[in-house]
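Trainee: This is the structure I have questions about; it appears just below.
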Amino acid sequence: MADNRPIGLFDSGVGGLSVLCEIKKVLPRESFIYLADQKNVPYGTKSKKVLNNLTLRITKFLLKFDIKMLVVACNTASCYSVDFLRNNFNLPIVGVVPAVKPAVKLSKKGKITIMSTSATAKSTYLKNLIAKFSSAKNVLSLGCDGLEDSVENLNYKKINSLLDEYVKRANSFESDVIILGCTHFPFLKNDIQKRAIKGTKIIDSGKAIASRVKFLLKQNNMIAAKKTKDLFFTTLNRKKFSNVASTLLKYKVLAQKASI
Ligand code: DGL
């Protein structure tokens, strides 16, 4: 039996749309409810306690749409709150965390840079991942303050100046793989590639998350047969979100205002 209920996704802002894109490529018949918590962006400077509270309220909001699965399309919220959400809600929950294991496999020099929010860079979750697959001395964990905000505002001047600084640090570290450990950053992949040492590989978790979502839907007999319209919500300004999301997704998005 098909399960046509939607999949819920959320992020602090437009970043999770990079994850949505990858999921839609492999699951074209699924429907999605996307929430951008722009009233509380950035998540990258928040504590575990605050993130638990916000993600709890967002999940309750998305559950009103009878979602069959939740994708935490935010590395920061996943690193701090995914276990908390799994303990509180009884539906399949997929989190997004920096792709450390594939990066280690890909690196010839064994030197990797992780570009993430400061909160993700400082998290025990990421430190444990690094210790499991590499070592602290071979990984530059770069908290890229301000970068997600410049994507939120499509402020290209700021994007360029911040990337000049951050990618320079990755180049000085001589890493040959850069992990995009914040879901806002895949939208900057070409800009990062241009600045990185020639031959640097740049990876994110989007494709792996899409495969995981597909696998779990199959395993739980939840694949949809018929698509309905995707819905987009923001906790702040729906016009602004609609404009930026339409630019990033390259199709028209009309968001609604949500209170969580
Ligand atoms: N896009 C989010 C992430 O993956 C968070 C950005 C932010 O709000 O700081 O970490």
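The values are calculated or read from the model by the stated rules, or taken from the named source; none is laboratory data. Small disclaimer: the values here were computed from a predicted structure and weren't measured. Virtual Cβ from ideal backbone geometry, glycine too; neighbours counted across all protein chains shown. Just so you know, the surface numbers come from the protein's heavy atoms only, side chains and all, with ligands and any DNA or RNA stripped out. Shrake-Rupley method; radii C 1.70, N 1.55, O 1.52, S 1.80 Å.
Trainee: Could you tell me which of the residues SER205, SER175 is within 23 Å of LYS137 (Cα to Cα), under 16 Å from the mean Cα position of the chain (by Cα) and among the small types (Gly, Ala, Ser)? Don't jump to the end; show me each part of the working.
Mentor: On the way: SER175 fails: under 16 Å from the mean Cα position of the chain (by Cα).
The conditions single out SER205.
Trainee: In region 140-156, what residues are hydrophobic (A, V, I, L, M, F, W, C) and in contact with a Lys or Arg (Cβ under 8 Å, 6 or more places away or on another chain)? Write out each step before concluding.
Mentor: Kept after step one, since they are hydrophobic (A, V, I, L, M, F, W, C), are these residues of region 140-156: 140, 142, 144, 147, 151, 154.
LEU140, LEU142 - these are the residues of region 140-156 that are hydrophobic (A, V, I, L, M, F, W, C) and in contact with a Lys or Arg (Cβ under 8 Å, 6 or more places away or on another chain).
Trainee: Then there is this: In the list ASP164, ASP191, ASP176, which residue meets the criterion of being in contact (Cβ under 8 Å) with a residue 12 or more places away in the chain, away from the ligand (no atom under 15 Å from the Cβ) and either in contact with a Ser or Thr (Cβ under 8 Å, 6 or more places away or on another chain) or farther than 28 Å from LYS105 by Cα (or both)? Even if it seems obvious, please write down each step before you answer.
Mentor: Values: ASP164 fails: either in contact with a Ser or Thr (Cβ under 8 Å, 6 or more places away or on another chain) or farther than 28 Å from LYS105 by Cα (or both); ASP191 fails: either in contact with a Ser or Thr (Cβ under 8 Å, 6 or more places away or on another chain) or farther than 28 Å from LYS105 by Cα (or both).
Within the list ASP164, ASP191, ASP176, the selection yields ASP176.
Trainee: Looking only at region 105-153, how many residues end up being of a type in the set (A, V, I, L, M), in a strand (DSSP E or B) and within 16 Å of the ligand (Cβ to nearest atom)?
Mentor: Taking region 105-153 first, the residues of a type in the set (A, V, I, L, M) are 106, 112, 114-115, 119, 121, 126, 129-131, 136, 139-140, 142, 147, 151.
Remaining after also requiring in a strand (DSSP E or B): 112, 114-115, 139-140, 142.
Next, from what is left, pick out any that are within 16 Å of the ligand (Cβ to nearest atom): 114-115, 142.
Selection size over region 105-153: 3.
Trainee: Scan region 201-217 and tell me whether some residue there is without any contact (Cβ under 8 Å) to a residue 24 or more places away in the chain and within 20 Å of VAL19 (Cβ to Cβ).
Mentor: Going through region 201-217, the residues without any contact (Cβ under 8 Å) to a residue 24 or more places away in the chain turn out to be 215.
Applying the additional criterion that residues be within 20 Å of VAL19 (Cβ to Cβ) yields 215.
Yes, region 201-217 contains a residue that is without any contact (Cβ under 8 Å) to a residue 24 or more places away in the chain and within 20 Å of VAL19 (Cβ to Cβ).
Trainee: Give region 194-216 a look and list any residue that's open to solvent by less than 60 Å² (accessible area, probe 1.4 Å) and within 16 Å of the ligand (Cβ to nearest atom), or say none.
Mentor: ILE202, ILE203, ASP204, SER205, GLY206, ILE209, ALA210
Trainee: Given the conditions (1) over 18 Å from SER116 (Cα atoms); (2) in contact with a Phe, Trp or Tyr (Cβ under 8 Å, 6 or more places away or on another chain), report the number of the one that CYS74 does not fulfil.
Mentor: (1)
Trainee: Please pick out the residue among ILE192, ILE159 that is assigned to a helix (DSSP H, G or I), aliphatic (A, V, I, L, M) and over 20 Å from VAL97 (Cα atoms). If you could, list the steps in order and put the result at the bottom.
Mentor: Values: ILE192 fails: over 20 Å from VAL97 (Cα atoms).
Residue meeting the stated conditions: ILE159.
Trainee: Only one residue in LYS105, LYS68 is open to solvent by less than 10 Å² (accessible area, probe 1.4 Å) and over 20 Å from THR183 (Cα atoms). Which one? Lay out the reasoning, then the answer.
Mentor: Working: LYS105 fails: open to solvent by less than 10 Å² (accessible area, probe 1.4 Å).
Only one candidate passes the filter, namely LYS68.
Trainee: Still on this structure, I have one more. Could you tell me which of the residues VAL14, VAL72, VAL50, VAL26 is closer than 23 Å to ILE130 by Cα and either among the β-branched types (Val, Ile, Thr) or in contact with a Leu (Cβ under 6 Å, 6 or more places away or on another chain) (or both)?
Mentor: On the way: VAL14 fails: closer than 23 Å to ILE130 by Cα; VAL50 fails: closer than 23 Å to ILE130 by Cα; VAL26 fails: closer than 23 Å to ILE130 by Cα.
Answer to the check: VAL72.
Trainee: Looking at (1) touching a residue at least 24 places away in the same chain (Cβ under 8 Å); (2) in a helix (DSSP H, G or I); (3) of a type in the set (Phe, Trp, Tyr), which is the one condition that is false for PHE232?
Mentor: (2)
Trainee: Also: Could you check region 165-189 and list, in sequence order, the residues that are out of contact with any strand residue (DSSP E or B) (no Cβ under 8 Å at 6 or more places or on another chain) and among the charged types (D, E, K, R)?
Mentor: Selection gives GLU165, LYS168, GLU174.
Trainee: Go through region 217-233 and give me each residue that's out of contact with any Asp or Glu (no Cβ under 9 Å at 6 or more places or on another chain) and either surrounded by fewer than 16 Cβ atoms within 10 Å (Cβ to Cβ) or aliphatic (A, V, I, L, M) (or both).
Mentor: Those that are out of contact with any Asp or Glu (no Cβ under 9 Å at 6 or more places or on another chain) and either surrounded by fewer than 16 Cβ atoms within 10 Å (Cβ to Cβ) or aliphatic (A, V, I, L, M) (or both): LYS218, GLN219, LYS226, THR228, LYS229, LEU231.
Trainee: Counting only residues that are surrounded by 15 or more Cβ atoms within 10 Å (Cβ to Cβ) and more than 19 Å from TYR43 (Cα to Cα), how many does region 140-157 have?
Mentor: 1
Trainee: Would you mind stating whether VAL97 is in contact with a helix residue (DSSP H, G or I) (Cβ under 9 Å, 6 or more places away or on another chain), in a loop (DSSP other than H, G, I, E, B) and within 25 Å of LYS189 (Cα to Cα)? Show your work before the answer.
Mentor: Values: in contact with a helix residue (DSSP H, G or I) (Cβ under 9 Å, 6 or more places away or on another chain): yes; in a loop (DSSP other than H, G, I, E, B): yes; within 25 Å of LYS189 (Cα to Cα): yes.
Against the criterion (in contact with a helix residue (DSSP H, G or I) (Cβ under 9 Å, 6 or more places away or on another chain), in a loop (DSSP other than H, G, I, E, B) and within 25 Å of LYS189 (Cα to Cα)), VAL97 qualifies.
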